[in-house]
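Visitor: First the structure, then my questions, so here it is.
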Amino acid sequence: MMLTMNLFRQIKDGWKIRLLSFLLMACVCFIHCEKRSQKNKIYRVGILSSFISFAEIADGFKAGMTELGYLEGENIVYDTQIGHASVEAERQAADKFVADRLDLIFSFPTEAAVVAKAATQNTNIPVVFALAGIEGNNLVESVPRPGGNITGVRYRGPDNTVKRFEILRELAPDIKELYVTYDIDYPTNRAALAALRPVVASLGITLIENRVKTAAEIAADLQARSASGDIEMDAILIMPELVSQSPEGFSAIVEFAKAHRVPIGGAVLFTANLGAAFSYSDDFFETGKLAASLADKIFKGTPPGTIMVVTPDNYLRLNLKVIQELGLTVSEGLLNRASEIIR
């Protein structure tokens, strides 16, 4: 009887050992297969941009993804769509991404990000944005926890707008009338204007606001001011929106400013190269690389809504040639703060 019991225990213990061994081997096999699956997976990413002018953001994103091991044509492919400042075109592109069931949508700037979020509302497709204002819209719930299927690299619209005004006034302290032109429906403008108006008013400066929908309306307004003999402005501040920074809109502003010797406070960095006295914003390429690090976290399993929104550094680019042509004086302090000086 005792022998039978001992034999039974040995058999029972043997089955336990075999079962544990089997489970251990199954776990190892699963982990190996999972890693192999991830290694062999080809990620499909949709890139949605409002303007070709922002292409450097996509370049930075791709460069960042390459550094993280995502090689285009091998384990990642991109479908790039440019909306050309058309909300309808952006919606169609975002809907196409959703229909194609892509692994992620990378969108920029603000309007494209808002469109991408709306298009993916009832899906599990994550969205990573860049150069997008988060004030005055429902793009994210908060910076620490953006919520839902979205995260990204923010654009500090209100703060940057006030800072640009301060830099412009440092260059041209005698400003009495400041001109801004903008599309009131663009998502970042209301919050930026709410921050700018009281600061301008507190200094006794009149803010001249020209609300438009197209670049042609900007050109028409400036032409009318030129013809009147009284342009009613001492300086121009570019707002964080697309119409005034479109090739047509900004060209009209630069042409007017040169003819009337009016300084322009630029927004995105490339405006300093095109005729603004300065520009103050984040670097497009760097912004794209920051967004790549967020996409990598998502691909590795982190829910996008739990990934903190990134706030990039800002850079001051001074166009010393334009400043000198306008007869303005640059303080040593401003020169020292500049990340780049165009001579």
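Visitor: Take the residues of segment 175-206 that are modelled with pLDDT under 95 and farther than 23 Å from residue 269 by Cβ: which is surrounded by the most Cβ atoms within 10 Å (Cβ to Cβ)?
Guide: Among those that are modelled with pLDDT under 95 and farther than 23 Å from residue 269 by Cβ, it is 190.
Visitor: Select from segment 279-305 the residues that are surrounded by fewer than 21 Cβ atoms within 10 Å (Cβ to Cβ) and polar (S, T, N, Q) and list them in ascending order.
Guide: 293, 302, listed by residue number.
Visitor: Also: Can you pull out every residue in segment 214-273 that is among the aromatic types (Phe, Trp, Tyr) and under 22 Å from the mean Cα position of the chain (by Cα)?
Guide: 250, 270
Visitor: Which one of these does residue 51 not meet: (1) touching a residue at least 40 places away in the same chain (Cβ under 8 Å); (2) aromatic (Phe, Trp, Tyr); (3) more than 25 Å from residue 273 (Cβ to Cβ)?
Guide: Of (1) touching a residue at least 40 places away in the same chain (Cβ under 8 Å); (2) aromatic (Phe, Trp, Tyr); (3) more than 25 Å from residue 273 (Cβ to Cβ), only one is false for residue 51: (3).
Visitor: Hey, among 158, 187, 173, which residue is under 19 Å from the mean Cα position of the chain (by Cα) and either outside any helix (DSSP H, G or I) or aliphatic (A, V, I, L, M) (or both)? Write out each step before concluding.
Guide: Details: 158 fails: either outside any helix (DSSP H, G or I) or aliphatic (A, V, I, L, M) (or both); 173 fails: under 19 Å from the mean Cα position of the chain (by Cα).
When all the criteria are applied, what remains is 187.
Visitor: Please go through segment 207-242 and give me each residue that is closer than 22 Å to residue 322 by Cβ, surrounded by fewer than 22 Cβ atoms within 10 Å (Cβ to Cβ) and β-branched (Val, Ile, Thr), ordered by number.
Guide: 208, 231
Visitor: Here's something else I'd like to know. Of all residues in segment 78-119, which are touching a residue at least 24 places away in the same chain (Cβ under 8 Å), small (Gly, Ala, Ser) and either surrounded by fewer than 17 Cβ atoms within 10 Å (Cβ to Cβ) or part of a helix (DSSP H, G or I) (or both)?
Guide: Residues satisfying the conditions are 93, 94, 112, 113, 116, 118, 119.
Visitor: Identify all residues within segment 226-249 that are out of contact with any strand residue (DSSP E or B) (no Cβ under 9 Å at 6 or more places or on another chain) and either assigned to a helix (DSSP H, G or I) or among the aromatic types (Phe, Trp, Tyr) (or both); write none if there are none.
Guide: We begin by selecting, within segment 226-249, every residue out of contact with any strand residue (DSSP E or B) (no Cβ under 9 Å at 6 or more places or on another chain); these are 226-230, 242, 246-248.
Within segment 226-249, 226, 227, 228, 247, 248 qualify.
The values are calculated or read from the model by the stated rules, or taken from the named source; none is laboratory data. Computed from a prediction, not measured in an experiment: that's the story for all the values here. Don't worry about glycine lacking a Cβ; one is built from the backbone with ideal geometry, like all the others, and counts go over all protein chains shown.
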